[in-house]
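Step one of this worksheet: look at the structure below.
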Amino acid sequence: MTQEMGKPIAGAITEVEKCAFVCEYYADNAENFLAPEIIQTDASISKVLYQPLGIVLAVMPWNFPLWQVFRFAAPALMAGNAALLKHASNVCGSALAIENIFCEAGFPADIFRTLLIGSTKVARVIENPLVKAVTLTGSTPAGRAVAAKAGKMLKKTVLELGGSDPYIVLADADIEHAVQNCVTSRLINSGQSCIAAKRFIVEKSVSKSFTEKFVANMKSKRCGDPLDETTEIGPQARKDLRDDLHKQVQSSLDKGARLLLGGKVPEGPGAYYPATVLADVVPGMPAYDEELFGPVAAIITAEDEDEAIRIANDTVFGLGAAVFTANHKHGEKIASEQLNAGACFVNCLVKSDPRLPFGGIGDSGYGRELGHHGIKEFVNIKTVYVA
Amino acid sequence: MSLESKNPATDELLQTYTEMNNQEVDEIINCVEDDFHTWHKTSFTDRAKLMRSAATLLKIKKKNWQI
C-alpha cells in the first residue's frame, strides 16, 4: 500500500488495524442486524427477512486501498453475498493482497475475486446478469458514470463520492484544539481523503489568531519518504493528480486568494506537494467551489455564525462537516439542525467508525456504509405474509 | 493494455499487470456465482468464524506487508 500509492507507513498500519476491526464488528453483529423481524398485522404470520442479493461489484479507489474494500466486503460477505472487486488501476497489488487474505482465511476460493481491468470495462461487468448490485467509492464523475449504467440495468447502487468538508470555528472555540483537529484532518492520508477537512470557515474575531496558529502547525509537519515512520505527509498518489491539485491552487491565486504557505511543486523525483494554505478564499475560486484532494487548506473568514453556516452549506457536496465551539449544546444544535451533510461532528474531526453509518448527500453520493444501515444496503428486504 | 503499479515517492515502476480480457472476466464471474450458491446457505456462525480469521491475518500481516 505504501509503495503503491505513497501512504505514510504509520497510517498504513492504522488502516490495516481498522480493517481487522470492521471484520470483527460484522462477525460479532451481522446475525443480530439481519435477524428476521416479526411484525404484527392482520395476518397469521407477517415478517421481514433479510436475504443476500448475489454478486455485488465494488469499484474502489486508491486512497485507502484496504479500508475502502474491507468496509464493503465485511458486511457484504457476512450478509451472504459474493463480491467482485475492480480496484483502482494503480493499486493492483493491494487488490490481489485482499483477495489472498480472504482465501487464506478459509473463505470459498471464488467468493471474493479481483478483476484486473481498466475503468472502460466496468460497464460490461455491470451488464452481466449475474451481477446484482454495484458499490462505488471514488470521484463524482466516476459515480455518475457507474450510477447511469447501473440505473439503466435497474441494479442497486451505493455511491460514496467526493467531499469539500467545511470546518466552522466559532469565536468562542478553543483555538489550539480547533487548529490541531483542523490540521490533522486536512492532512489525513497526505490530504487525499474524501472526509478530510477542506474549507476552514472562521469567525472574523478569531480569524487572525486561528490563521497564524494553523499556518505554524501545517508548516511543522514532516513531508518525505512514506516508508519513514516519522513522515506525516507522503507524496501524492500520482503525478498527474499532484499537477491537477497545483492547477487548482494556481487558479485560486490568480483569482485573488492569498498564499500563506507552500504552493510550489518541489524539484526532484516523486509526486510530492507541500502543505499549502490559502487565505481570502471566496466563491468562484477552485479552493472554494471544488474538492482539493491534497494537502491544501482554504481559509474563509465569516462575519458571524450565521454567515459561517451559510458558507458551510454553500457547496454541491455533503459528506462531512464539523463545528468547533466552547458551547457543546450549541454545537450539537448546529450539527443536528443546520449543517447539511451525512456526518456532522462537534469539537473533533470527522472520521468513519464501523459502528456508525457513513455516506453523503448531494454530489457526495447516496446510500450508507457501516453500522447496521450499511449491511442492509445489499439485501433483499423480503416481506413474508401468511393469511 | 496493462495496469501499472508505480511508486509515487520514487517514480519507480513496481509491477505491470496484464489486463484481463472479456473471456477471463466472464469466467471469474461464473466462478463467483457458483460459490455464491453454497455460500449464502452457510450459517452466520460459519461466516463469522472465517471473518474473524481474516481479521487475525490482517493483524499478523500489518507490519511486513510488502505491497
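The values are calculated or read from the model by the stated rules, or taken from the named source; none is laboratory data. It should be emphasised that the depicted structure is a prediction, and the values quoted were computed from it without experimental measurement. Virtual Cβ from ideal backbone geometry, glycine too; neighbours counted across all protein chains shown. SASA here: full protein model, heavy atoms, side chains in, ligands and nucleic acids out. Shrake-Rupley method; radii C 1.70, N 1.55, O 1.52, S 1.80 Å.
Details
- You will find that of A:88, A:109, the residue that is open to solvent by 10 Å² or more (accessible area, probe 1.4 Å) and touching a residue at least 12 places away in the same chain (Cβ under 8 Å) is A:88 and no other.
- Selection status of residue A:80, touching a residue at least 24 places away in the same chain (Cβ under 8 Å), under 22 Å from residue B:43 (Cβ atoms) and at the interface with chain B (Cβ under 9 Å from one of its Cβ atoms): yes
- Boolean, residue B:59 is within 7 Å of chain A (Cβ to nearest Cβ), surrounded by fewer than 17 Cβ atoms within 10 Å (Cβ to Cβ) and in contact with a helix residue (DSSP H, G or I) (Cβ under 6 Å, 6 or more places away or on another chain): yes
- Going through (1) at negative phi; (2) crowded, with 24+ Cβ neighbours inside 10 Å; (3) under 23 Å from the mean Cα position of the chain (by Cα) one by one, residue A:6 falls short only on (1).
- Looking across A:154, A:227, A:159, one residue alone is in contact (Cβ under 8 Å) with a residue 60 or more places away in the chain, open to solvent by 20 Å² or more (accessible area, probe 1.4 Å) and not in a helix (DSSP H, G or I). It is A:227.
- Looking across the range A:362-387, the residues that are closer than 21 Å to residue A:341 by Cα and either aromatic (Phe, Trp, Tyr) or free of Cβ contacts under 8 Å to residues at least 60 places away in the same chain (or both) come down to A:362, A:366, A:371, A:373.
- Pairing residues of the range A:200-221 that are closer than 25 Å to residue A:291 by Cβ with residues that are part of a loop (DSSP other than H, G, I, E, B), at Cβ distances under 7 Å and at least 6 apart in sequence or on separate chains, gives A:203/A:170; A:203/A:171; A:203/A:304; A:218/A:275; A:219/A:275; A:221/A:187; A:221/A:232; A:221/A:275.
- When the residues of the range A:14-33 are filtered to those that are more than 8 Å from chain B (Cβ to nearest Cβ) and over 19 Å from the mean Cα position of the chain (by Cα), the one that is surrounded by the fewest Cβ atoms within 10 Å (Cβ to Cβ) is A:32.
One line per residue, one yes/no per condition, for (1) of a type in the set (Ser, Thr, Tyr); (2) surrounded by fewer than 18 Cβ atoms within 10 Å (Cβ to Cβ); (3) over 19 Å from residue A:317 (Cβ atoms); (4) more than 15 Å from the chain's Cα centre (by Cα):
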site: A:166; (1), (2), (3), (4): no, no, no, no
site: A:172; (1), (2), (3), (4): no, yes, yes, yes
site: A:176; (1), (2), (3), (4): no, yes, yes, yes
site: A:181; (1), (2), (3), (4): no, no, yes, yes
site: A:190; (1), (2), (3), (4): yes, no, yes, no
site: A:196; (1), (2), (3), (4): no, no, no, no
site: A:203; (1), (2), (3), (4): no, no, yes, yes
site: A:208; (1), (2), (3), (4): no, yes, yes, yes
site: A:212; (1), (2), (3), (4): no, yes, yes, yes
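- Residue satisfying all of: in the range A:1-13; more than 9 Å from chain B (Cβ to nearest Cβ) and not hydrophobic (A, V, I, L, M, F, W, C); farthest from residue A:98 (Cα to Cα) among these: A:8
- Filtered by the rule that a residue be more than 8 Å from every other protein chain (Cβ to nearest Cβ) and assigned to a strand (DSSP E or B), the range A:116-142 gives A:132, A:133, A:134, A:135, A:136, A:137.
- Count of residues meeting criterion [buried (at least 18 other Cβ atoms within 10 Å of the Cβ), assigned to a loop (DSSP other than H, G, I, E, B), more than 14 Å from every other protein chain (Cβ to nearest Cβ) and of a type in the set (Gly, Ala, Ser)] in the range A:246-295: 4
- Out of A:197, A:237, one residue alone is hydrophobic (A, V, I, L, M, F, W, C), under 30 Å from residue A:147 (Cα atoms) and within 14 Å of chain B (Cβ to nearest Cβ). It is A:237.
- Residue list for the range B:1-40, filter: open to solvent by less than 70 Å² (accessible area, probe 1.4 Å), at the interface with chain A (Cβ under 7 Å from one of its Cβ atoms) and closer than 13 Å to residue A:90 by Cα: B:3, B:5, B:7, B:8, B:11, B:14, B:17, B:19
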